[in-house]
Each structure stands twice: as structure tokens, then as C-alpha cells.
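Take a look at the structure set out below.
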Amino acid sequence: MIKFSLSCDRNHIFDSWFESNQAYETLVSKKLLTCPICNSNHVNKNIMAPNIVAKDKPVEKETTAVAQKESIDLQKPQSKFEEKLMTLKKEIEKNSEYVGKKFAEQARMMYHSDTKKKSIHGEASLKEAKELLDEGIPVTPLPWPLISDTN
């Protein structure tokens, strides 16, 4: 694992861990690495000094300029877009039932039967979602990670 100091084209500075330099390069080349503050995908590595510790010296606390900057609370929205997205997520979760990985099955059953229709959200593969759309069943992807993909 390697930790890089990163910044976006709007000069937001943040740190992130990667499996390797190649993993970082792959994410950047596919524009999958985004700034946690503004969501920009124009991210670059900052100049960093290597952190080498001599065996006979105790580890000193990190005193780089980046470490001294105020840390970013990723639990709080960092932009108006992120704030609106969090509000949308809370509304959907409040006004619909989470059916997990049985989303496609539940949506299909409600659409093709006379059972009571209700708002649901859950998880479906891309293949399942396409099949639902091909059958005329209205579905839409939600712009946040699946519950099963989060810690």
C-alpha cells in the first residue's frame, strides 16, 4: 500500500491510499479518481518527500504542510451538489423499502401482478436492470454505491 498526497484542478488537497503506483495510474487514466470535495476527476499527485525511518531513531510525527492542514470530514457534504445528493438519498430511503438483492424479482412481481404497488429500492446487476427495462418495467439507477459495496 502507498499513500499519496493529491490535489485537483481546483487546488483541493487530500490524501488517498493505493495498492501501488500502477493502481493510481490506472484510476487516473480511466478518470475514476475524483476529488472528495468537488468531484473533479482532474487529480494529480503532489510532490512528496519519502517517509524513511532509521532503525535507531524514533518515528517523528508528520509535520508536512499537508498534514498540518485541516482534515476533511468526509461524512459531511463538501459541496452543494453533494448536499443535494445526500438529501435525495435520505428521501428515497425514507419513502421506499429496501429490498436488497431481490430488487429485480420484487420489481417484476409488482409490475406483473395485482399486488399493491409500492416504492422500492435495492440492488440489481446491469444485466437484471436491462432485462427489467426491456420488459417495460420502469427502473432508474441511483447515484451512490450499493449498500453491499460499502463498509
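The values are calculated or read from the model by the stated rules, or taken from the named source; none is laboratory data. All of these numbers come straight from a predicted model, not from anything done at the bench. Backbone-built Cβ (ideal geometry, glycine too); neighbour counts: all protein chains shown.
Values computed for the structure shown
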{"read-out": "Residues that are closer than 23 Å to L88 by Cα and surrounded by 11 or more Cβ atoms within 10 Å (Cβ to Cβ), drawn from region 98-117", "value": "Y98, V99, G100, K101, K102, F103, A104, Q106, A107"}
{"read-out": "Extreme residue, farthest from the chain's Cα centre (by Cα), among residues of region 72-97 that are surrounded by 12 or more Cβ atoms within 10 Å (Cβ to Cβ) and of a type in the set (S, T, Y)", "value": "S96"}
{"read-out": "Contacts under 7 angstrom Cβ, first residue in region 98-118 being β-branched (V, I, T), partner part of a loop (DSSP other than H, G, I, E, B) and at pLDDT 90 or above, 6 or more apart", "value": "V99/G122"}
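Here is a yes/no grid of residues against (1) in a strand (DSSP E or B); (2) charged (D, E, K, R); (3) at pLDDT 75 or above:
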{"position": "P36", "(1), (2), (3)": "no, no, yes"}
{"position": "N39", "(1), (2), (3)": "no, no, yes"}
{"position": "I47", "(1), (2), (3)": "no, no, yes"}
{"position": "N51", "(1), (2), (3)": "no, no, no"}
{"position": "P58", "(1), (2), (3)": "no, no, no"}
{"position": "S71", "(1), (2), (3)": "no, no, no"}
{"position": "F81", "(1), (2), (3)": "no, no, yes"}
{"position": "M86", "(1), (2), (3)": "no, no, yes"}
{"position": "E91", "(1), (2), (3)": "no, yes, yes"}
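This table checks each residue for (1) of a type outside the set (K, R); (2) surrounded by 14 or more Cβ atoms within 10 Å (Cβ to Cβ); (3) out of contact with any helix residue (DSSP H, G or I) (no Cβ under 9 Å at 6 or more places or on another chain).
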residue	(1), (2), (3)
I2	yes, no, no
R10	no, no, yes
I13	yes, yes, no
S16	yes, yes, no
E19	yes, no, yes
T26	yes, yes, yes
S29	yes, no, yes
L32	yes, no, no
C38	yes, yes, no
